[in-house]
1. If the viscosity is 1.567 mPa s and the temperature 4 °C, what translational diffusion coefficient in µm²/s does Stokes-Einstein give for region 73-184 when Rh comes from Kirkwood over Cα pairs?
2. For Glu183 and Val118, what does the FRET efficiency come to when R0 = 22 Å and r is the distance between their Cβ atoms, rounded to the nearest 0.05?
3. Report D for region 3-135 in µm² per second (integer): Stokes-Einstein, Kirkwood Rh on Cα pairs, 25 °C, 0.890 mPa s.
4. Rounded to the nearest 5, what % of the DSSP beta bridges within the chain are antiparallel ones?
5. Semi-axes, largest first, in whole Å: what does sqrt of 5 times each Cα gyration tensor eigenvalue give for region 108-172?
6. Going by average Cβ neighbours within 10 Å, how do the peptides 28-40, 117-129 rank, with the highest at the top?
7. Taking a point 7 angstrom from the Cα of Thr2 along the C-beta vector, which residues in region 62-97 have backbone N less than 18 Å away?
8. Counting Lys and Arg as +1 and Asp and Glu as -1, what is the net charge of the other residues whose Cβ lies under 13 Å from the Cβ of Asp61?
Amino acid sequence: MTIAIDPSSWVAPSAELYGEIAVGADSSIWPQCVVRAESEHVRIGHHTNLQDFVMVHIGYDVPTVIGDFCSITHHATVHGATIEDDCLIGINAVVMDGAVIGRGSIVAPGAVVTEGTVIPPHSIVAGVPAKVIKQRDNTAENQLNAWNYWRNARAFRDGQHRSWAGEDFKAFTREKRRELGLER
């Protein structure tokens, strides 16, 4: 078993990781997440968050690769799939073996991306089975979400569980929105 977690990342004590897993810098794995890699590997990029109750698993002969600045939100499942950089996978969404979610995309809550589906970059997908419903570059918005989770993970590491409350968070969000070109 080889688990390599960058020291700048935070993993909740209740998260469970098994097998060959690599977690990039400034990422976070939240309570009750499970990441399993019995035969293939799981690679998670930098500034990526796996939120509460996420399940990440490999296919029998397919690794799972999650890019940089991604948010895999509560109760989502990523199984033997590739999630490119700057993506958001919605609450309770499922992404199955061999699927590829293109850079800067959003998978809507509850969507099921079936085996082998390739979603082009800058898409919004929804439904069961999931289909592209709109083309739009979601990179900046998805990065903002990842930055907010980066900030939250740093606070949780220090035992502070209210990092999104107050003026400091509002100022941080305003500055990141400017940096990302979401506000001028």
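Taken together, the values in this text are just the output of simple stated rules run on the coordinates, not laboratory data. The structure displayed is predicted, hence computed values, not measured ones. Cβ sites come from the backbone with ideal geometry, for glycine too, and all protein chains shown count toward neighbours.
1. Working: Rh = 14.9 Å.
Answer from the Stokes-Einstein relation: 87 µm²/s.
2. Details: r = 33 Å, r/R0 = 1.50.
It comes out at approximately 0.10.
3. Numbers: Rh = 14.0 Å.
Roughly 176 µm²/s, to the nearest whole number.
4. Details: 4 of 45 bridges.
Antiparallel bridges make up about 10 percent of those DSSP assigns within the chain.
5. The equivalent ellipsoid of region 108-172 has semi-axes of 32, 14, 10 Å.
6. 28-40, 117-129
7. Hits in region 62-97 for Thr2 at 18 Å: 62-66.
8. Working: positive: none; negative: Glu38, Glu40, Asp97, Glu115.
With Lys, Arg at +1 and Asp, Glu at -1, the neighbours total -4.
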